[in-house]
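Would you mind keeping the following structure in view while I ask a few things?
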Amino acid sequence: MSYIKAIIMTGLSGSGKSFVAKLISENFNYEWIRSDVIRKKIMGISPEAEAKADFGKGIYAREITFLVYNIMIVLGKECIKKGKGVVLDATFIEDWQRNLVRNNFSEYIFIHTVAPEEVIKLRLENRRDVSDATYSVYLKQKERWKDIPEAIRIDTNKPAEIILQELKSLIK
């Protein structure tokens, strides 16, 4: 496999997307673009500030989400123009979000993170991060989720060293 310019993290909240994105950023020198950071910036909220909201409400309202994903695509394309790889970190739960990737990048892969539900629940209950997704948000996402046929699945309920080895086999 040749150098992948865009790596698209997908999965439900708490599944380990940001954990894997951080591994990619730190070990393969990809620019890490996080939807949660962009979302809070748009809303004028500090990344450290809590902004919990129900699925599709508040900072997760459809018009904000539309703006966030489009900004991610623009920033990703700018990175690639500069010769740097990019990892986009968001759920990519909707078809229109996935199609943004397909229509704007010629070289990309979807990495879909998974973990057992009890692990995800524990992660979301104990999360101290820029993301404000709760277990109830996760459950709403789960109702709407449709698999991405071409996505490469990574189980994040494994040690980081094993996940990193899996990534090394994917990313050259």
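Divide, for the chain, the radius of gyration over alpha carbons by 2.2 N^0.38 Å, where N is the residue count.
0.97
Out of residues 5 or more away from R153 or on other chains, whose amide H comes under 5 Å of its own, with H placed 1.01 Å from N in the peptide plane?
H112
If you place +1 on the Cβ of every Lys and Arg and -1 on the Cβ of every Asp and Glu, how big does the dipole about the Cα centre of the chain come out, in debye to the nearest 20? Mind showing how you got there, number by number?
Numbers: 28 positive and 23 negative charges, 74 e Å.
Roughly 360 debye, rounded to the nearest 20.
To continue, here is another question. Have a look at L88, L100, N126 and report the one farthest towards the positive end of the charge dipole of region 6-170, computed about the Cα centre with Cβ charges (Lys/Arg +1, Asp/Glu -1).
Checking the options against the dipole of region 6-170, the answer is L100.
Can you pull the one-decimal nm distance between simple spin-label points at I42 and R144, each 7 Å off the Cα toward Cβ?
1.3
A 22 angstrom limit on the alpha carbon distance is what I want to check against. Which of K17/K158; K5/K142; K40/K158; K17/K84 exceed it?
K5/K142; K40/K158
Could you tell me the center-to-center distance, by alpha carbons, between region 62-133 and region 134-172 in angstrom?
12
List the relative contact order of the chain as a percent without decimals, with contacts defined as Cα pairs under 8 Å and 6+ residues apart. It would help to have the intermediate numbers written out before the result.
Working: 261 pairs, mean separation 67.2, N = 172.
About 39 percent, as a whole number.
No lab work stands behind these numbers, since they all come straight from the coordinates. Note that the coordinates shown come from a computational prediction; the quantities given were computed from them, not determined experimentally. Because the Cβ atoms are built from the backbone with ideal geometry, glycine has one as well, and the counts that use them run over all protein chains shown.
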